[in-house]
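Notes follow once the structure below has been shown.
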Amino acid sequence: GSEVVVTTPSVSLPPQAPTALSATVTNGLVVLSWTAAAGNATTYVVEAGTGPGLSNIGALPLGHLDTTFSTAAPPGTYVIRVRAANAFGTGPASNEVIVVVP
């Protein structure tokens, strides 16, 4: 007989990384957009830092599964990434985008 193997993500693991993060800046408003993470995400966390891999500016849990986020930002250069999270932890980071607010 033939066998069908179905793999389902374990419900006790953090979600995978969001993908295709992009950002636009218009009049000081930063708009982020990304592709939903695989797995069982319950929220996204937007991390912003002054350099790659840093979240020294802040890490903001969004509290929802929308795949866009917009915020006013003061002038500066930001390195931003998004992570998906659930009750079991925070998953790996998306690609990073460099956002320059004039």
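Please treat every number below as a calculation from the coordinates, not as lab data. Given the structure is predicted, the values throughout are model-derived calculations rather than measurements. Every residue, glycine among them, receives a Cβ derived from its backbone with ideal geometry; neighbour counts consider all protein chains shown.
Some observations on this one:
- Spacing of the two label points (7 Å from each Cα toward its C-beta) at VAL4 and THR71, in nm: 4.4
- Across the chain, the mean sequence separation of Cα contacts (distance under 8 Å, 6 or more residues apart), normalised by length, yields a relative contact order of 33 percent.
- If the chain linking ASN95 and THR35 were pulled fully straight, counting 0.36 nm for each residue of separation and taking away their Cα-Cα distance, it would gain 20.5 nm.
- Derived scalar couplings ³J(HN,Hα) [segment 63-71; Karplus, 6.51 cos²θ - 1.76 cosθ + 1.60; whole Hz; x for Gly, Pro]: x, 7, 10, 4, 9, 9, 8, 10, 7
- Sorted into 5 angstrom bins from 0, the C-alpha pair distances of the chain split as 3, 14, 22, 22, 16, 9, 5, 4, 2, 2, 1, 1, 0 percent.
- Label positions at THR42 and LEU60, each projected 7 Å from the Cα along the C-beta direction, are separated by 2.2 nm.
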